[in-house]
Amino acid sequence: MFEVKNIEDTNLAENPVIAQMSQYNHEQLLFCNDNETGLKAIIAVHNTVLGPALGGTRMWAYNNEMEALNDVLRLSRGMTYKNSISGLNLGGGKAVIIGDARSMKSEALFRRFGKFVNSLAGKYITAEDVGISPVDMTYVSMETDHVVGLPGKSGDPSPVTAHGVYVGMKACAKNVYGSDSLTGKKVAVQGVGHVGEYLVEALAKENAEIYISDIHEPSLKRVAQQYGAHVVGLDEIYDVDMDIYAPCALGATVNDETLSRLKCSIIAGAANNQLRKETVHGRMVMDKGIIYAPDFAINAGGVINCYSEVKGLSSVWAMGKAEEIYNTIENIVKRSSAENIPTYQIANKMAEERIAAIGNVKLPL
Ligand code: NAD
């Protein structure tokens with residue numbers, strides 16, 4: 001039977017939503033519902049110490065609301081770390097729209113969602129993510145200015161992301177081989193999509209020996225021909241005699257099974273969530289003597305590109321900022337070996353340290 005409780009009787013620890021927010025210290029959640037358009041969304045603002053919370057909107061047919069809540073809490077926290085370690089004055093946020101991206105989209109739904117984003121008055125800035133197209137974002141932008149990555153603005157972030165991955169890879173090479181030259185190094189690039197192809201282009205210019213795989217045969221053939229790369233099978237890529245593995249397609253490809261096969265000394269790629277289980281595989285990689293460039297630090301070019309749009313900065317500025325990923329990765333790798341702590345943990349610490357330091361600066365005099 002439904003029970004009406006006095007507020008005094010309510011034990012907040014029993015409230016799964018607030019308990020989940022407090023677990024990772026989220027600042028704010030906004031639950032959005034609109035019966036007319038079918039909009040059901042959650043906007044999560046994790047941390048705004050460094051600046052407004054920036055992170056994309058994902059549209060996904062979650063099995064239930066708790067799954068959507070978990071995802072938005074996890075992703076928004078991840079954005080706080082990514083924005084912090086990249087030296088941006090941005091906090092972390094994310095939004096999820098619950099529903100099938102193939103059948104539920106409408107102009108009205110996205111404009112209604114835009115109104116909710118606007119109600120946060122700039123505390124949250126949104127962008128595209130999985131399941132969302134530039135057209136959808138154009139509708140969102142009709143109701144709020146707090147959107148980035150629109151057509152005709154900062155443009156495709158992939159060249160900036162690829163540049164960051166390329167310089168981050170060089171920083172790892174410096175640590176392992178004593179020189180950051182990639183000439184003659186065997187690099188296996190998994191996925192030659194937007195980012196992967198730009199990365200292959202940079203590697204080819206430096207005369208690396210490139211191996212590529214992709215599920216999309218036409219891209220594979222074209223990229224192989226254009227840059228003189230060797231084509232390998234989807235599963236075969238893990239067995240290539242390589243120096244560097246660059247995952248640029250899927251998450252979770254660094255796992256028990258692949259780690260027993262990978263012969264590389266460096267893992268440096270664009271994909272998100274490369275370690276299947278951060279705590280397990282982050283340590284396992286280190287124990288195997290492989291240098292792992294933490295994904296959220298090395299693939300930050302995309303968010304750097306968004307930041308340039310927020311601040312009205314040029315694409316030249318964005319490329320220059322992505323260049324700093326070299327130093328970031330170099331610092332992470334050095335600290336990891338000095339403190340004997342896996343690189344992903346060092347990256348988390350560095351992100352937290354910056355938030356704590358800048359939080360202190362922002363206190364009233
Ligand atoms: P994309 O969709 O353009 O490219 C991915 C490529 O991987 C496609 O060509 C696809 O056919 C291929 N692929 C899919 N499954 C594969 C498999 N099993 N084996 C080999 N190839 C496979 O995506 P993108 O924009 O190039 O992004 C690549 C990765 O980097 C994604 O994980 C993305 O989340 C991440 N990332 C991208 C950016 C960016 O700026 N685009 C920024 C940060 C992170």
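Data overview
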quantity: Asp241 paired with Met104, simple spin-label distance in nm, labels 7 Å along Cα-to-beta-carbon; calculated: 5.1 nm
quantity: Over 32 Å [Cα-Cα, the chain], rounded percent; calculated: 35 percent
quantity: Radius ratio Rg over Rh of the stretch 158-352, counting only Cα atoms, Kirkwood formula for Rh; calculated: 0.95
quantity: About the Cα centre, charge dipole magnitude for the stretch 158-352 (Lys/Arg +1, Asp/Glu -1 at Cβ), debye; calculated: 340 debye
quantity: Computed [θ] at 222 nm, deg cm²/dmol, the chain (DSSP H ≥ 4; -39,500 (n - 2.57); rounded to nearest 500); calculated: -14000 deg cm²/dmol
quantity: Accessible surface of the stretch 158-352 [probe 1.4 Å, protein heavy atoms]: carbon and sulfur percent; calculated: 50 percent
quantity: Cross-link table Lys185/Lys263; Lys94/Lys170; Lys311/Lys334, entries beyond 20 Å C-alpha to C-alpha; calculated: Lys94/Lys170; Lys311/Lys334
quantity: Cα gyration tensor, the stretch 307-365 - rounded (a/c under 1.5), prolate or oblate; calculated: oblate
quantity: Residue-normalised accessible area of the chain, given per residue in Å² at a 1.4 Å probe; calculated: 47 Å²
quantity: Between helix 278-287 and the chain: long-axis angle, C-alpha atoms, 0 to 90°, nearest 10; calculated: 20 degrees
quantity: Fraction of beta bridges assigned by DSSP in the chain that are antiparallel (%, nearest 5); calculated: 35 percent
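The values are calculated or read from the model by the stated rules, or taken from the named source; none is laboratory data. The structure displayed is predicted, hence computed values, not measured ones. Here Cβ is always computed from backbone atoms with ideal geometry, including for glycine, and neighbour counts include all displayed protein chains. Ligands, DNA and RNA are stripped out before the accessible areas are found, and what is left, the full protein with its side chains, is counted by its heavy atoms. Shrake-Rupley method; radii C 1.70, N 1.55, O 1.52, S 1.80 Å.
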